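Read-outs throughout are calculated quantities, based only on the coordinates presented, and are distinct from any laboratory measurement. As the structure is a prediction and not an experimental result, all values here were calculated from the model. Because the Cβ atoms are built from the backbone with ideal geometry, glycine has one as well, and the counts that use them run over all protein chains shown.
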Amino acid sequence: MARHFLVAWLALAANFAHAAQPAVIRQAAWLAGCWEAVSPRRVVEEQWLSPRGNSMLGVSRTVRGDSLAGYELVLIREQDGRLAYEAHPSGQPAAVFLSRSASDSSIEFEDLLHEFPQRIGYRLIGPDSLLAWVEGRVEGRLRRIEFPYRRAKCAGL
């Protein structure tokens, strides 16, 4: 009986160790490249540099007509066994969201104390398709904004 208990305990410990694996920047490597969401009202572009130095850098801009409507600089970095999404949006203070989950095709960040959004996520749908979203509570109601991106050619000089 003691042997069965030991085997069960070791199996449980192995499952826990697997579930508690730290998030590392290479889990977000699939995000690298250029992405865009085009609609009649606006164009949203995101560009992510490949992982290097335990970090990724991203930049986005939203254009309506011929006018810049907003931009954001983002740093994803490893922090205490998780990934941190450090956002610097135009006209707003910086905010840091920590990873809730990270895999080779999706990642979700969260800061429940942030006004809006409280969650930011990315999910790879196919090699050339990505769904990004922000969500959270505004005046007690859940609000979610989705950005269906397609891979785009990165603009050069």
Checklist entry - Say we join alpha carbon atoms closer than 10 Å with springs in a Gaussian network model of the chain; which of Ala102, Ala29, Ala94 then has the biggest fluctuation? => result Ala94
Item to check | Alpha carbon centroid spacing (whole Å) that separates the stretch 104-157 from the stretch 43-72 | outcome: 13 Å
Checklist entry - Where in the stretch 100-127 does the label zone of Arg82 land, with the point 7 angstrom along Cα→C-beta and an amide N cut-off under 17 Å? => result 100-103, 107-122
Next on the checklist: Taking R0 as 35 Å, what FRET efficiency do you get between Ala94 and Arg141 from their Cβ-Cβ distance, rounded to the nearest 0.05?
Outcome noted: 0.85
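Would you kindly state how much longer the chain becomes between Leu49 and Arg150 on full extension, computed as 0.36 nm times their sequence separation minus their alpha carbon distance, in nm to one decimal?
Using 0.36 nm per residue and subtracting the Cα-Cα distance, I get 34.7 nm.
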Checklist entry - What ranking, highest mean first, results for peptides 31-41, 72-82 when packing means the other Cβ atoms within 10 Å averaged over each residue? => result 72-82, 31-41
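Relative contact order for the stretch 24-152: what percent, with Cα pairs under 8 Å and sequence separation of 6 or more?
On the way: 302 pairs, mean separation 23.5, N = 129.
This gives 18 percent for the stretch 24-152.
Counting helices only, and only those DSSP H runs with n ≥ 4, report the 222 nm mean residue ellipticity of the chain as the sum of -39,500 (n - 2.57) divided by its residues, in deg cm²/dmol to the nearest 500.
Calculated at 222 nm, the ellipticity per residue is -4000 deg cm²/dmol.
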Next on the checklist: Counting just the Cα atoms, what span does the chain cover along each of its three principal axes? Round to the nearest Å and put the largest first.
Outcome noted: 74, 41, 26
